[in-house]
Each structure stands twice: as structure tokens, then as C-alpha cells.
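The values are calculated or read from the model by the stated rules, or taken from the named source; none is laboratory data. None of these values were measured; they are calculated from a predicted model. As a convention, Cβ positions derive from the backbone with ideal geometry for all residues, glycine included, and neighbour counts pool all protein chains shown.
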Amino acid sequence: MNTFNPVDSSDIIIDGALLIYGTYSKQGDDLKIHTDLESVLIKDFFVHTPNLVSVKGSKITPHLATLLSAPNHQSEFLGFEDHPDRWPNHSDQSRSKD
């Protein structure tokens, strides 16, 4: 198991497959991500809250890692809601008036 200590880092580079396909679990202030082939322990992750990134640019924010590591996570999928009000260049004039 690889271990990281993010005290002086805002980003931690992790293997892309582990980042995307790994199982996230909270262990005290630490975050463990593992697959059948590899695992990583990020010491004090929930204290320092770094971004988790792959070499190719995939990124898991601290907020998303917290959601993925939530206990009693019963689903294999995590959904996101897209809000048109948050889209760039959005104006009330572009909405259809029904």
C-alpha cells in the first residue's frame, strides 16, 4: 500500500484507474482508496483536503471524495444534478416561456 502525507500539497497525483475505479473509505482523518490490485492511504486527508488528480487530468475534489467515502454508501453510482442557472452565458431571456 502506498501512503501519502498531503501536508504541503494542494494536489496529490494518483494512478487514474485507482482514482476512477477505486473504493473510497474514511479511516479516521485518513482516506483509503483501493481496488483488487492496489491501494493507497492518504494520511490526514480530511484535515488538509487536497485534490486527487491523475496524470491525465482526472480530478476528484475533496467534497466528492467525502461523498464517495460516506459510510453506508449503498449504491455503485453517484448522481449529479445539472442546474441551467449555473451555466455560463445563461440569461432569463433564453428560457422558453410556457
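Would you pick out the residues in segment 14-25 that are surrounded by fewer than 16 Cβ atoms within 10 Å (Cβ to Cβ) and of a type in the set (A, V, I, L, M)?
17, 20
Name the pairs: first residue in segment 1-25 and over 18 Å from residue 38 (Cα atoms), second residue outside any loop (DSSP other than H, G, I, E, B), Cβ to Cβ under 7 Å, at least 6 apart or on different chains?
6/12; 6/42; 6/45; 6/48; 7/48; 10/51; 11/51; 11/53
For segment 1-26: of the residues being among the acidic types (Asp, Glu) and not in a strand (DSSP E or B), which is farthest from residue 64 (Cα to Cα)? If you could, list the steps in order and put the result at the bottom.
As a first pass, look at segment 1-26 and keep what is among the acidic types (Asp, Glu): 8, 11, 15.
If we keep only those that are not in a strand (DSSP E or B) too, we end up with 8, 15.
Details: 8: 21, 15: 17 Å.
In this case the residue turns out to be 8.
Name the residues in segment 63-87 that are surrounded by 15 or more Cβ atoms within 10 Å (Cβ to Cβ) and either out of contact with any Lys or Arg (no Cβ under 6 Å at 6 or more places or on another chain) or at pLDDT below 90 (or both), would you? Talk me through it step by step, then tell me what you get.
Filtering segment 63-87 for residues surrounded by 15 or more Cβ atoms within 10 Å (Cβ to Cβ) gives 64-66, 68-69.
Correct list: 64, 65, 66, 68.
Condition first: more than 15 Å from residue 2 (Cβ to Cβ) and surrounded by 16 or more Cβ atoms within 10 Å (Cβ to Cβ). Now tell me which residues in segment 26-43 satisfy that.
Across segment 26-43, the qualifying residue is only 26.
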